[in-house]
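Shown next, in structure tokens, is the structure this report addresses.
The values are calculated or read from the model by the stated rules, or taken from the named source; none is laboratory data. Please read all numbers here as calculations on a predicted model, not as lab measurements. Virtual Cβ from ideal backbone geometry, glycine too; neighbours counted across all protein chains shown. Just so you know, the surface numbers come from the protein's heavy atoms only, side chains and all, with ligands and any DNA or RNA stripped out. Shrake-Rupley method; radii C 1.70, N 1.55, O 1.52, S 1.80 Å.
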Amino acid sequence: MIEKSYNPKEVEEKLYNFWIENGYFRAESRSEKPPYCIVIPPPNITGSLHIGHALDATVQDILIRWKRMSGFNALWLPGTDHAGIATQNVVEKELKRQGLDRGKLGRDGFIKKVWEWKEEYGGKIIYQLKRLGASCDWGRERFTLDEGLSMAVREVFVRLYEEGLIYRGDYIINWCPRCHTAISDLEVEHEEHRGKLYYLKYPFKDGRGYVIVATTRPETMLGDTAVAVNPDDNRYKNIVGKIVRLPILNREIPVIADELIDPSFGTGAVKVTPAHDPNDFEIARRHGLSFIKIMTGDGRMSEEAGHYKGQDRFKCRENVIKDLKKLGLLSDIKDHIISLGQCYRCNTVVEPYLSKQWFVKTKPLAEDAIRAVMDGRINIIPSGWRNSYFDWMENIKDWCISRQIWWGHRIPVWYCQKMQNAKCKMQNGVIVSRDAPTACPYCDAEAAALKQDEDVLDTWFSSALWPFSTLGWPDKTQDLKTFYPTNVLVTGFDILFFWVARMVMIGLKFTGEIPFKDVYIHALIRDALGQKMSKSKGNVVDPIEMIETYGADAFRFTLTAFAAQGRDVKFAVDKVEGYRHFINKIWNAARFILINITEEDEIKPVKEISCLSLADRWILSRLSGVISDVNKSLEEYRFNDSANILYQFIWHEFCDWYLEMAKSSLYGDDKKTRHAAINTLLHTLEMSLSLLHPFMPYITEKLWQSLPAPRRAVSKSLCIHPYPRAEDSIKDENAEGKMNTIMDAITGIRTIRGELNLSPSIELKAMIKTTNGTKDILNENIVYISKLARVKGIEIGEDIKKPDDAAIAVKPTMEIFVPLKGFFDADAEIKRLEKEILKIEESASFIRKKLANREFIGKAPKTVVEENNTKYEEFIEKIQKIQENIEKLKQWRK
């Protein structure tokens, strides 16, 4: 006997441990089963499970459980990312609280502290994934800084360097003064802000006038080495080649012409600061200009900035403007909208900064990656993201891979400090090696003379190797042979370029194969009002809190049911509560079936039962259709369709219809019909639990373990039980057609009862006028109509006429009349509904006045305004429905 109600807290941990202890999540390196592999997008060790992770993991778990049950050797390979900048920031903050800093600890001491932090806190998100029910092969868990992956990273770096695809050079990069490191273009988040456009006068050397330039960053003028105009701009043709004096510093700089200059910006003349602007950097290279760095790595002014040395960059801006005003060289200041680039980790305004960095030449790698998607070897779902992928790849820039931090893969490059011969000097003393060299390979200088590069690699560099490095590459392991290429990558659109595109490039380059066949890009989860979730808005949902309150299954199913392709998910807590009711419905249905099985009942496969009723044949046929539809929608990554198909079938067709119809067979005297019904109920329940298991693993396993032994003979756990496959022999279109007719009759009578607010306890009479041979179908199954529609007298025929006092419902092959004399007072019901409208109108009027109040709209939070709008719309919709019912009653009264 199973418990009266389902309690997730008592079940989930026990079942998860049961799965783990029995090794049900383990994949085999060698197997006769076809392989299926997903590598988890490795979450940062600094992270906690957020709702995006939860959707990501739920979708992957659905696929893995489905494939595992479908007979595949299914591997879901887990792991975590060392998250260079993020982790270093977290640990530095922790050290600060202890009165320490990394400078005092030194590099080795600091790295040791980070590893200690990782061991203590880095597994939090793994624990949370397990709470969600993630069926990963935990024995294969990887970490982007573990020994095997570190070896793979060094191998890739060395090979790319040897092929000329990695180089070191001075280049303008995005620099975060807070994190003290370079960050890639993708790691810069741009937001529009109200800024200023400053118009500065640059006097000509000969004293005859000046040229006015416009800039949003006047402090960088201290590093100017030219003024530039467009060669086709007739306003400035006569000044190209002249010399101007840089205000304040009085440096002489030329006026040059370059096609990159936009004549419509400002005055059409711009300052050129090669060390602090990416466009100016390119202009300087074309024109042979010098590069002057007027800022240090912490965002302060350098010696090259003259008497501004040591000032913060924004303070310097204020002082430069003051000084220009005093000199009479500030022409104007105008409001201007600027796109401000900020560090994605700490929100500090980034600086374009000239620095020596390591880069990957991506153009040659991108060509193959574009072809792989173009020719269909890699399928991006939804397909709308293909164009974004192509656009980025076709305009790709070299990838800056060096970071000026300590936590991460240290760049495998050493510099010989002695350079004792010509050969070593020709190499600039640069040694790129898979292992730490014991001596200089060029001049034999001892190891003590070799200094390793201080920088570490961009976190995304090691992540780009994830699909094959986690399987053992560069060694030719059995796992790599069995599971690579992987089958699908599930991820959010925000890392399509950060990660997905780079995995494709690196995977093709080093394995000769695509890293995955499909890329499924899931939607963004927003709040119930469609707003992006953020801590500042207070609308963030904690997945663990959802699991604690409603259980993992209800939370997982909610995420799945609303995750339509190409559409953001509007998440509302009441939806989770709604699916918790669905779980209760399943539990109660299963309990009803199980408590009605007696020792006399012979449990047999439904194929062996010959006396199936129409209802039995109908539910088995519908089950076959549902099995087919669910498998098809999963193949096509339509997870929300799968979830909704199962919800509609289990709640409505199985529980609301078939279960009620089967009661007459269960409680009747005919043993054969009871035998057929009990086995049909068990078969449909077992198949429903199996179908639902990838979505709701816990309750389905719990109930499946409670089924009679003959139904569980094949497997010890539902998670390794065969997933249902549609059987054409069970499909019965005739039974479905007849049942649709019967359900139409029952629904018609129920609709009349509901619209007229008639109590379910009242047993009505019904008259059904039929067409197209419907009469025989209804007469043969009149017991279903009587019981489910609660009618005590039914008249069925083709010549029936509507009584004067009858309500009517029209269905495709019938008209249904329910005489109401003695049951219903139409006038009293109209008065009741009119009073209800007045109450609702009073509430709607109150909200309408609030929404018409400009002060309320201006001061109230956006969420509050939107909630009031939603409430108002609901009230209006309710009024409309009641008015429709009143009109129906008036028509009927006539």
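Quick notes on this structure:
- Gyration tensor verdict on the range 7-89 (Cα atoms; rounded if a/c is under 1.5, prolate if a/b is larger than b/c, oblate otherwise): oblate
- Take the range 271-430 with all the other protein chains still there, run a 1.4 Å probe, and you get 49 Å² of accessible area per residue.
- The slack between N234 and E32, meaning 0.36 nm per residue of separation minus the straight C-alpha distance, is 65.1 nm.
- FRET efficiency, K397 to F856 (Cβ-Cβ, R0 56 Å, nearest 0.05): 0.70
- Taking every protein chain into account, the accessible area of the range 764-831 amounts to 54 square angstrom per residue (probe 1.4 Å).
- Per-residue extension of 0.36 nm, minus the Cα-Cα distance of K672 and E3, leaves a gain of 237.9 nm for this segment.
- Sum of side-chain charges, W587 neighbourhood, beta-carbon under 10 Å (Lys, Arg +1; Asp, Glu -1): +3
- Point-charge dipole on Cβ atoms (K/R +1, D/E -1) for the range 503-595, about Cα centre, debye to 20: 200 debye
- Dividing the mean sequence gap of close Cα pairs (under 8 Å, 6+ apart) by how many residues the range 650-794 holds gives a relative contact order of 18 percent.
- Think of it this way: in the chain, C37, C136, C316, C346, C400, C611, C655, C719 stand alone, with no other Cys Cβ under 4.7 Å.
- Sites E866 and L340, calculated FRET efficiency, Cβ-Cβ separation with R0 22 Å, nearest 0.05: 0.20
- Only one residue of V791, N734, G822 has its Cα farthest out toward the positive end of the dipole of the range 721-822, where Lys and Arg carry +1 and Asp and Glu -1 on Cβ, and that residue is G822.
- Model label points for E513 and S48, set 7 angstrom from Cα along the Cα-to-Cβ axis, are 4.0 nm apart.
- Amide H contacts of T181 (H built 1.01 Å from N, under 5 Å, at least 5 apart or other chain): C176
- Positive minus negative residues near I749 (Lys, Arg vs Asp, Glu; Cβ under 13 Å): +2
- Listed values (i) 35.8; (ii) 50.1; (iii) 37.6, entry calculated as mean projected area of the Cα convex hull in nm²: (ii)
- Burial order of peptide ranges 565-572, 95-102, 137-144 (average beta-carbon count within 10 Å, highest first): 137-144, 565-572, 95-102
- Between K849 and N772, the distance separating the two model label sites (each 7 Å from Cα on the Cα→Cβ line) works out to 5.5 nm.
- Distance-filtered residues of the range 308-347 - backbone nitrogen under 13 Å, label point 7 angstrom along E192 Cα→Cβ: 336-340
- Distances between placed amide hydrogens fall under 5 Å for L75 paired with Y36, C37, I38, all partners being 5 or more residues away or on another chain.
- For K356, the lysines whose Cα comes closer than 17 Å to its Cα, not counting residues fewer than 8 places off in the same chain, are K293, K397, K451.
- Cα gyration tensor shape for the range 464-611, rounded if a/c is under 1.5, else prolate or oblate: oblate
- Among 38-47, 840-849, sorting by the average number of other beta carbon atoms lying within 10 angstrom of each residue, highest first, gives 38-47, 840-849.
- Reachable aspartates and glutamates, given that their alpha-carbon falls under 12 Å from the alpha-carbon of K632 and they are not under 8 places away in the same chain: D641
- Calculated from backbone phi, Karplus (6.51, -1.76, 1.60) coupling profile of the range 83-98 in Hz, x at Gly/Pro: 6, x, 5, 4, 5, 4, 4, 4, 5, 4, 5, 5, 5, 4, 5, 8
- On a per residue basis, the range 144-225 carries 42 Å² of accessible surface, using protein heavy atoms and a 1.4 Å probe.
- Hypothetical label at A564: residues of the range 376-393 whose amide nitrogen lies under 19 Å (7 Å Cα-Cβ projection): 381-385
- Amide H partners (placed H, <5 Å) of H82, local residues excluded: T144, L145
- For the pair Y167 and E599 in one chain, pulling the backbone fully straight at 0.36 nm per residue adds 147.8 nm over the alpha carbon distance.
- Here the Karplus relation 6.51 cos²θ - 1.76 cosθ + 1.60, evaluated at θ = phi - 60°, turns the backbone of the range 803-810 into coupling constants of x, 4, 9, 9, 7, 10, 10, 10 Hz, with x for every Gly and Pro.
- FRET efficiency estimate (nearest 0.05) - Cβ-Cβ, Q452 to D262, R0 45 angstrom: 0.55
- Computed over neighbours whose Cβ is under 10 Å from that of G551, the net charge equals 0, Lys and Arg +1, Asp and Glu -1.
- Shown in residue order for the range 413-422 are the 3J(HN,Hα) couplings computed by the Karplus curve 6.51 cos²θ - 1.76 cosθ + 1.60 at θ = phi - 60°: 10, 10, 10, 6, 7, 9, 6, 7, 9, 5 Hz (x for Gly and Pro).
- Debye, to nearest 20: dipole size of the range 48-153, +1 on Lys, Arg Cβ, -1 on Asp, Glu Cβ: 180 debye
- With the simple model of a label 7 Å out from the Cα in the direction of the Cβ, I762 to T296 spans 8.8 nm.
- Cα gyration tensor category, rounded, prolate or oblate, for the range 87-162 with a/c compared to 1.5: oblate
- Protein accessible area in the chain, 1.4 Å probe - carbon and sulfur %: 48 percent
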